[in-house]
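A.B. asks: Let me give you the structure first, and then I'll get to my questions.
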Number of protein chains: 2
Amino acid sequence: MAHEQLTLSFQLCFRVYALERELMAAYRPLLDQLGLTYPQYITMLYLWEHEKGTVGELCSALSLDTGTMSPLLKRLEASGFITRRRLPSDERTVEVSLTKKGRELEGQALSVPEHIASCLLTSDKDEQGRRYHELKLILDQALEQLRTSRKERESALVN
Amino acid sequence: MAHEQLTLSFQLCFRVYALERELMAAYRPLLDQLGLTYPQYITMLYLWEHEKGTVGELCSALSLDTGTMSPLLKRLEASGFITRRRLPSDERTVEVSLTKKGRELEGQALSVPEHIASCLLTSDKDEQGRRYHELKLILDQALEQLRTSRKERESALVN
DNA sequence: CACTACTAGGTTGCGTACAATATAACAGAA
DNA sequence: TTCTGTTATATTGTACGCAACCTAGTAGTG
């Protein structure tokens, strides 16, 4: 493979790594006021939209495993935003629901996207909007690419 | 701000968050064989290029703070890849250097970029190369944008 | 029913990330 | 020289993120 492609791949990875942390740093002061972290915030976003969901659905929606999600939900429960209960129909599955306090938090979170957008967008919003739309598409392609590669690796291990 | 821009920003953040973890998952099996994590790997990349550096230089090159870098370097030292010593000229500064074992590791790491590139690039390498080059530019712009916004926030706090 | 396999979540251990704080060393002013 | 402020790094505490393992509940088979 061409040296340039190897260099490019490395630079992409490093930038994604750096950008992820820079984005978290942008969210942090906003979410601090709500008493949430970013992973907790996107968990709440899921619940604000769907009102409830099982642990498995949350793991799958956010691409997180139970080792991350279980303690995270425990903390959200301790903060009083959600409740957890085992389903009578299947005692293995745990259903997560919003509390009154959790539902009310949505109102306070309404300004978060605006703040983040204003950190990402500068003067020429139309031009930048087009670029970011393009960026979203490429990120999706890269994600799908990597997930496909990972599944191939994993099934190769089994066989 | 337009609702579409708010939605777009959120989707970008979520995808960067997901892509970062998917990339780490792609690196993990490769780096496991070297006995490195991704942050340790990019630390070694810096040292393979520069032979040595201070803790501060490493923090700044990788955009990590000392709370992350200090224990990371301690682990790299425990693995025998680096040594640390305080500079006689300034006892506050710690200089990190490669050991023989650390230098030799570079040879075993040569195939890593190739593997990652092959997970990211599929059939049409030229077309995809162009897209990823574009992606790199947009990531850089987003990074700079966010860093500028952050500096503004921080200096606003001081004043 | 007894046995086996599978599934949904939880727990443990290790390594980041980072805010907040601590500490020692240096640098400049009085 | 002493005091003061700053700098470079380390430490502590909290929260991910994930591999590996554990457990209880369910489902299918004979």
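The values are calculated or read from the model by the stated rules, or taken from the named source; none is laboratory data. The structure displayed is predicted, hence computed values, not measured ones. Counting neighbours? That spans all protein chains shown, and the Cβs are built from the backbone with ideal geometry, glycine included. Keep in mind that these areas ignore ligands, DNA and RNA; they rest on the heavy atoms of the full protein, side chains included. Shrake-Rupley method; radii C 1.70, N 1.55, O 1.52, S 1.80 Å.
A.B. asks: Please state which of the following conditions B:HIS3 fails to meet, knowing it meets all the rest: (1) at the interface with another protein chain (Cβ under 8 Å from one of its Cβ atoms); (2) closer than 16 Å to A:TYR132 by Cβ.
C.D. replies: (1)
A.B. asks: So in the range A:88-108, with the set limited to residues that are in contact (Cβ under 8 Å) with a residue 12 or more places away in the chain and within 11 Å of DNA strand C (Cβ to nearest atom), which one is surrounded by the most Cβ atoms within 10 Å (Cβ to Cβ)?
C.D. replies: If we filter the range A:88-108 for residues that are in contact (Cβ under 8 Å) with a residue 12 or more places away in the chain, which is where we start, we get A:93-99, A:101-103, A:105-106, A:108.
Checking the rest, the ones that are also within 11 Å of DNA strand C (Cβ to nearest atom) come to A:93-96.
Values: A:THR93: 13, A:VAL94: 17, A:GLU95: 15, A:VAL96: 24.
Restricting to residues being in contact (Cβ under 8 Å) with a residue 12 or more places away in the chain and within 11 Å of DNA strand C (Cβ to nearest atom), the top hit is A:VAL96.
A.B. asks: Shifting gears a bit: Name the residues in the range B:46-78 that are in contact (Cβ under 8 Å) with a residue 12 or more places away in the chain, among the hydroxyl-bearing types (Ser, Thr, Tyr) and touching a helix residue (DSSP H, G or I) at 6+ places or on another chain (Cβ under 8 Å), would you? I'd like the intermediate steps shown before the answer.
C.D. replies: Taking the range B:46-78 first, the residues in contact (Cβ under 8 Å) with a residue 12 or more places away in the chain are B:46-48, B:51-56, B:58, B:61-62, B:64, B:68-70, B:72-73, B:75-76.
If we keep only those that are among the hydroxyl-bearing types (Ser, Thr, Tyr) too, we end up with B:46, B:54, B:68, B:70.
Within the range B:46-78, B:TYR46, B:THR68, B:SER70 qualify.
A.B. asks: Report yes if B:THR83 is at the interface with another protein chain (Cβ under 7 Å from one of its Cβ atoms) and not in a helix (DSSP H, G or I), otherwise no.
C.D. replies: Answer is no for this residue.
A.B. asks: Do we have any residue at all in the range B:69-76 that's open to solvent by 60 Å² or more (accessible area, probe 1.4 Å), in the same structural domain as B:LYS100 (by TED's automatic domain parsing), modelled with pLDDT of 95 or more and away from DNA strand D (no atom under 11 Å from the Cβ)?
C.D. replies: Taking the range B:69-76 first, the residues open to solvent by 60 Å² or more (accessible area, probe 1.4 Å) are B:74-75.
Of the ones still in play, those that are also in the same structural domain as B:LYS100 (by TED's automatic domain parsing) are B:74-75.
Next, from what is left, pick out any that are modelled with pLDDT of 95 or more: B:74-75.
If we keep only those that are away from DNA strand D (no atom under 11 Å from the Cβ) as well, we get B:75.
Yes - at least one qualifying residue is present in the range B:69-76.
A.B. asks: So, one more: Just wondering, is there one or more residues in the range A:137-152 that are within 14 Å of DNA strand D (Cβ to nearest atom), open to solvent by 60 Å² or more (accessible area, probe 1.4 Å), at pLDDT below 95 and within 19 Å of the chain's Cα centre (by Cα)?
C.D. replies: Yes; the residues of the range A:137-152 include at least one that is within 14 Å of DNA strand D (Cβ to nearest atom), open to solvent by 60 Å² or more (accessible area, probe 1.4 Å), at pLDDT below 95 and within 19 Å of the chain's Cα centre (by Cα).
A.B. asks: Take the range B:109-119 and flag every residue that is without any contact (Cβ under 8 Å) to a residue 40 or more places away in the chain and part of a helix (DSSP H, G or I).
C.D. replies: B:PRO113, B:GLU114, B:ALA117, B:SER118
A.B. asks: Quick test for you: out of B:PRO39, B:PRO113, pick the one residue that is under 18 Å from A:SER9 (Cα atoms), within 12 Å of chain A (Cβ to nearest Cβ), under 17 Å from the mean Cα position of the chain (by Cα) and more than 15 Å from DNA strand C (Cβ to nearest atom). Outline the logic, then answer.
C.D. replies: Numbers: B:PRO39 fails: more than 15 Å from DNA strand C (Cβ to nearest atom).
Sole residue among the options that is under 18 Å from A:SER9 (Cα atoms), within 12 Å of chain A (Cβ to nearest Cβ), under 17 Å from the mean Cα position of the chain (by Cα) and more than 15 Å from DNA strand C (Cβ to nearest atom): B:PRO113.
A.B. asks: Take the conditions crowded, with 19+ Cβ neighbours inside 10 Å and out of contact with any Pro (no Cβ under 6 Å at 6 or more places or on another chain) and apply them to A:VAL55. Does it pass?
C.D. replies: Details: crowded, with 19+ Cβ neighbours inside 10 Å: no; out of contact with any Pro (no Cβ under 6 Å at 6 or more places or on another chain): yes.
No; evaluated as a whole, the condition is false for this residue.
A.B. asks: Here is a further query. When the residues of the range B:42-63 are narrowed to those that are over 11 Å from the mean Cα position of the chain (by Cα) and more than 10 Å from DNA strand D (Cβ to nearest atom), which ends up nearest to B:SER97 (Cα to Cα)? I'd like the intermediate steps shown before the answer.
C.D. replies: Within the range B:42-63, the first condition is being over 11 Å from the mean Cα position of the chain (by Cα), and the residues that meet it are B:47-57.
Narrowing the set further to residues that are more than 10 Å from DNA strand D (Cβ to nearest atom) leaves B:47-52.
Working: B:LEU47: 7, B:TRP48: 10, B:GLU49: 11, B:HIS50: 9, B:GLU51: 6, B:LYS52: 5 Å.
By that ranking, first place goes to B:LYS52.
A.B. asks: Determine if the range B:28-41 includes at least one residue that is modelled with pLDDT of 95 or more, away from DNA strand D (no atom under 15 Å from the Cβ) and not β-branched (Val, Ile, Thr). Steps first, answer last, please.
C.D. replies: Narrowing the range B:28-41 to residues modelled with pLDDT of 95 or more: B:28-41.
When the remaining residues are screened for being away from DNA strand D (no atom under 15 Å from the Cβ), the result is B:34, B:41.
Okay, now just the ones that are also not β-branched (Val, Ile, Thr), so B:34, B:41.
Taking every residue of the range B:28-41 in turn, at least one turns out to be modelled with pLDDT of 95 or more, away from DNA strand D (no atom under 15 Å from the Cβ) and not β-branched (Val, Ile, Thr).
A.B. asks: Any residue that is charged (D, E, K, R) and more than 9 Å from DNA strand C (Cβ to nearest atom) - is there at least one of those in the range B:52-65? Reasoning before the result, please.
C.D. replies: Let us first name the residues in the range B:52-65 that are charged (D, E, K, R), namely B:52, B:57, B:65.
Narrowing further to those that are more than 9 Å from DNA strand C (Cβ to nearest atom): B:52, B:57.
Yes; the residues of the range B:52-65 include at least one that is charged (D, E, K, R) and more than 9 Å from DNA strand C (Cβ to nearest atom).
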